[in-house]
Each structure stands twice: as C-alpha cells, then as structure tokens.
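This report concerns only the one structure given below.
The values are calculated or read from the model by the stated rules, or taken from the named source; none is laboratory data. Being a predicted model, the structure only gives us computed values, none of them experimental. Using ideal geometry, Cβ is built from the backbone for each residue, glycine included, and neighbour counts are taken over all protein chains shown.
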C-alpha cells in the first residue's frame, strides 16, 4: 500500500495509517505530509469544544449526518484524554456517533491527548491536513471535555463552536476568559431541558461585554439528541465562513495556520533534540549539581540549549 | 517515536451484556493501551469498518449470546476483504470448549473464556502485536 497515493485517493486504510504515523512521530508521517500538503487547503475545519457531557459527540454526529446527506465528505477527529498514570486511554466518542459511523463519506478517528494539555493531541493539526488532502469537504475537530483553558482548537479550526448544556449556569462566570473568547458560535445543547433559555440569556449577556470584531457570535439552542436545530448550526457555520472569506480574515487565518504548522514541527524536533541531550550520561553529573544546588536549572538549560543547537 | 497499542473492544450481535467488555477495556487502558469501545449491538460490518478507520492493532470481540461461530468469522472475513489482515483478532465471552478450535481455524488468534485473569489478556496482546520499528 502506497500510503501517500492512498491518502490522495481518499483510501480509508491509507488515511488511517498516515494519521497513526503522524501521531507516533514516525518519519514516514512527515514524508506523507510533504507529499500531500500541496493538495490541502480545500477542507473547512470546524472546532467543537465544551465541557464534558455537554453533548459534543452527539452534536458532531448529527452535523456529519446532515452534511453527508447533502453529499459532503466529512472527517471527524475526536479527542479524549490519556491517563496521566498509564498513558492509556478509553476513546468513547464513537459510542455516540454510531448513527453516522457507517455512512459513506464519513470518517471518524479517535485520538488520545497523549500528554497534551490544550484539549487536543499534538498531531491533530497534521491529522486534519491528511483528511484535507484525502478530499474531505468538512473536518470536525472535537476536543476533550474542556473547561476554561483548553483553547488549542482555536488554532486548528476556522470556525469554533462552544457547546454548553443548561444547568451549568454558574460556570459561565468562571468561563469569562479562555473558552468564552474562542467561540464563533455558542450552542446551548439539550434545549429541551429546563433552564435552556436562562443559559442562553446568560451567555448572550457575557458575550455583549466583548468588543465586536465584525462578527457577533450567535447563541443557538439545539437538541442533538432529538435532532432539532442542527440545520441552524450548519447555516451559522456557513455564515461565519462567508464572513471570514468576505472580510479577508480567512486568508490571514491560513497564513497563521501555516506558521503554526511549522511551529508544531519545530517544537517537536527541538523537544526531541533537547531531551536526547538531557539523557546524555555526561549531563547526569550536571543534573546532580542542580539537585544539590551547586548549579541552577537556568544555567544547565543554557548549556544544553547551546549544545543542541550545535547538533541540529 | 512513541508507539501505542490501539485496541478495538467490540460487541457484535444482539447481546446487551457489556460489563466484561468494559472491564477489559479498562484493563487495556491501565496497561497503557488506547482503547476504542464500540458500545453494544454492533454488526460485523460496523466493527470491521471502525477497525480500519481507527487503524487498530487488535480487535477484541466479546460475545455472550452464543452466536460467536457466525459473528466472529464474519468480522475476520470482512477485515481481510478490506486488506486489513495485519490486525490481531481475539475473542472472548461464553464460548464452549468445542467451538474454540473452529474459531481458531477461522482467524481468531486466541479465545479467552470466563475467569481468564486480565493480565493474561494484556500479556497476550503485548507479546503478539508486532509494532513495526
């Protein structure tokens, strides 16, 4: 199986394998990205975030079903947390996505955070490039259950939807900074339950405090479970997309994303090199000096940084 | 390079009992593996498709309904049909002694019955999944 050609042809196994490679930091993943990057840029990437249990997975599966019914190819990257102790994970987003799991033209990939703290996996960005190259029209990136500061999705998606559920009203105050700032639209899910109107009003009132930038994030009430209001979400995403294109913001975003693609690779590469330096036997004596306070961490970091730089 | 063993824990057929599957999923997670769980009552077609989309190393099938001789080989055939013959497929549940050799002839690499220690399943995966270097 030629994975690169497979990705470009939209072959499921090739796409899946390529994502595994970028997730593992396998050099073959980098080769695939090199080979397919020129074919990316057509997909529209939507981020979906919100607290655990807000209904992100169910909502994403409804959105995917709707778009697939309109003849669109939809890729979903669903992130769940890795255990900080074992490094393992239970990836359960799919359980709520089975309605679309076998729909032709819907691809779902579960990813574990593998130690990343921003709500995504380090490789989610590149996984989205792979889906893009494979011809998916839409890519949904679903974060782990997010509270306040898991805002990485904003750097991966063109449109970010924040999903909330009623009955968490007091949380809104706590959500002033961080997640409340990254939403291009806010979705009050489980709108069939008591308190949905109140939650929507509270969100609107918080949003009114922010500076307008030509786009006022709408607050939508939906029920993913009962499949109501889903079209309004798609319409709003389309509207935001039109706004980004018309205002020239999308082009600026794409340059920013290119920068972040490069930054991600540089970070990974530098971290690897530095870690190798840190594991050198010669450094162990220096580490002991830091531990016994004969030296300090900044001085040793300076030395390691210089060394790594020389070796790259 | 960081490699994780990815396992699909799947419940084929009309069988609503998934306590065992969940216990195993948890054990695999505690062993450092990434576990995708399908939920109950999946068709072999769904399971094979998920296994390919998720690029798993292992499919662990659990069946307590008695239909294992039909369902398990079906999953094997579908995976082979998709070219995914590098996936280790194991089975468990209430499976009579007499059926084990039949299942093994039909692509199930090992069968784990009730009472199997969790460590046995974990170690089996660890020693049989060939992670490419």
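No other residue among A:184, A:192, A:171 is at pLDDT 90 or above, surrounded by fewer than 20 Cβ atoms within 10 Å (Cβ to Cβ), touching a strand residue (DSSP E or B) at 6+ places or on another chain (Cβ under 9 Å) and in the same structural domain as residue A:229 (by TED's automatic domain parsing) apart from A:192. If you go through segment A:32-48 one residue at a time, do you hit one that is surrounded by fewer than 23 Cβ atoms within 10 Å (Cβ to Cβ), touching a helix residue (DSSP H, G or I) at 6+ places or on another chain (Cβ under 8 Å) and free of Cβ contacts under 8 Å to residues at least 60 places away in the same chain? So far as segment A:32-48 goes, yes, one or more of its residues are surrounded by fewer than 23 Cβ atoms within 10 Å (Cβ to Cβ), touching a helix residue (DSSP H, G or I) at 6+ places or on another chain (Cβ under 8 Å) and free of Cβ contacts under 8 Å to residues at least 60 places away in the same chain. Taken together, B:79, B:118 contain a single residue that is within 14 Å of chain A (Cβ to nearest Cβ) and either within 13 Å of the chain's Cα centre (by Cα) or crowded, with 17+ Cβ neighbours inside 10 Å (or both), which is B:79.
What tally of residues in segment A:54-81 results from selecting those that are crowded, with 18+ Cβ neighbours inside 10 Å and out of contact with any strand residue (DSSP E or B) (no Cβ under 9 Å at 6 or more places or on another chain)? Result for segment A:54-81: 2. Scanning segment A:271-281 turns up one or more residues that are surrounded by fewer than 11 Cβ atoms within 10 Å (Cβ to Cβ) and not assigned by TED's automatic domain parsing to the domain that holds residue A:126. Residue B:34 meets all of the listed conditions (1) more than 13 Å from the chain's Cα centre (by Cα); (2) in contact (Cβ under 8 Å) with a residue 24 or more places away in the chain; (3) surrounded by fewer than 20 Cβ atoms within 10 Å (Cβ to Cβ); (4) under 27 Å from residue A:84 (Cβ atoms) but one, namely (3). If we scan segment A:124-142, do we find a residue that is closer than 26 Å to residue A:226 by Cβ, touching a helix residue (DSSP H, G or I) at 6+ places or on another chain (Cβ under 8 Å) and within 13 Å of chain B (Cβ to nearest Cβ)? No, segment A:124-142 has no match at all. Summed over segment A:120-136, the residues that are farther than 15 Å from residue A:264 by Cβ and assigned to a loop (DSSP other than H, G, I, E, B) give a count of 3.
Scan segment A:222-234 for residues that are in contact with a helix residue (DSSP H, G or I) (Cβ under 7 Å, 6 or more places away or on another chain), buried (at least 17 other Cβ atoms within 10 Å of the Cβ) and assigned to a loop (DSSP other than H, G, I, E, B) and the total you get is 2.
Picking from residues in segment A:21-32 that are in a helix (DSSP H, G or I) and either over 18 Å from the mean Cα position of the chain (by Cα) or at the interface with chain B (Cβ under 9 Å from one of its Cβ atoms) (or both), the one that is nearest to residue A:108 (Cα to Cα) is A:23. Going by the conditions given, is residue A:247 over 18 Å from residue A:153 (Cα atoms) and under 28 Å from the mean Cα position of the chain (by Cα)? Yes; evaluated as a whole, the condition is true for this residue.
Restricting segment A:82-103 to residues that are more than 10 Å from chain B (Cβ to nearest Cβ) and surrounded by fewer than 18 Cβ atoms within 10 Å (Cβ to Cβ) leaves a set whose member that is nearest to residue B:40 (Cα to Cα) is A:99. Could you list, in sequence order, all residues of segment A:198-219 that are surrounded by fewer than 19 Cβ atoms within 10 Å (Cβ to Cβ) and in contact (Cβ under 8 Å) with a residue 24 or more places away in the chain? A:198, A:206, A:207, A:210, A:214, A:215, A:218 - these are the residues of segment A:198-219 that are surrounded by fewer than 19 Cβ atoms within 10 Å (Cβ to Cβ) and in contact (Cβ under 8 Å) with a residue 24 or more places away in the chain.
Within segment A:195-221, the residues that satisfy the criterion of being in a loop (DSSP other than H, G, I, E, B) and touching a strand residue (DSSP E or B) at 6+ places or on another chain (Cβ under 8 Å) are A:217, A:218. Within segment A:50-75, residues that are assigned to a strand (DSSP E or B) have Cβ atoms under 6 Å from residues that are surrounded by fewer than 20 Cβ atoms within 10 Å (Cβ to Cβ) in these pairs: A:74/A:68, counting only partners at least 6 apart in sequence or on another chain.
Here is a yes/no grid of residues against (1) more than 30 Å from residue A:26 (Cβ to Cβ); (2) in a helix (DSSP H, G or I):
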{"residue": "B:80", "(1), (2)": "no, yes"}
{"residue": "B:83", "(1), (2)": "no, no"}
{"residue": "B:95", "(1), (2)": "yes, no"}
{"residue": "B:98", "(1), (2)": "yes, yes"}
{"residue": "B:103", "(1), (2)": "yes, yes"}
{"residue": "B:130", "(1), (2)": "no, no"}
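With respect to residue A:18, is the statement that it is part of a helix (DSSP H, G or I), more than 12 Å from every other protein chain (Cβ to nearest Cβ), crowded, with 24+ Cβ neighbours inside 10 Å and in contact (Cβ under 8 Å) with a residue 24 or more places away in the chain true? Here the answer is no, as residue A:18 does not meet what is asked. The criterion of at least 3 residues that are at the interface with chain A (Cβ under 10 Å from one of its Cβ atoms) is met, among strands (runs of 3 or more DSSP E) falling completely within segment B:1-69, by B:6-10, B:34-37.
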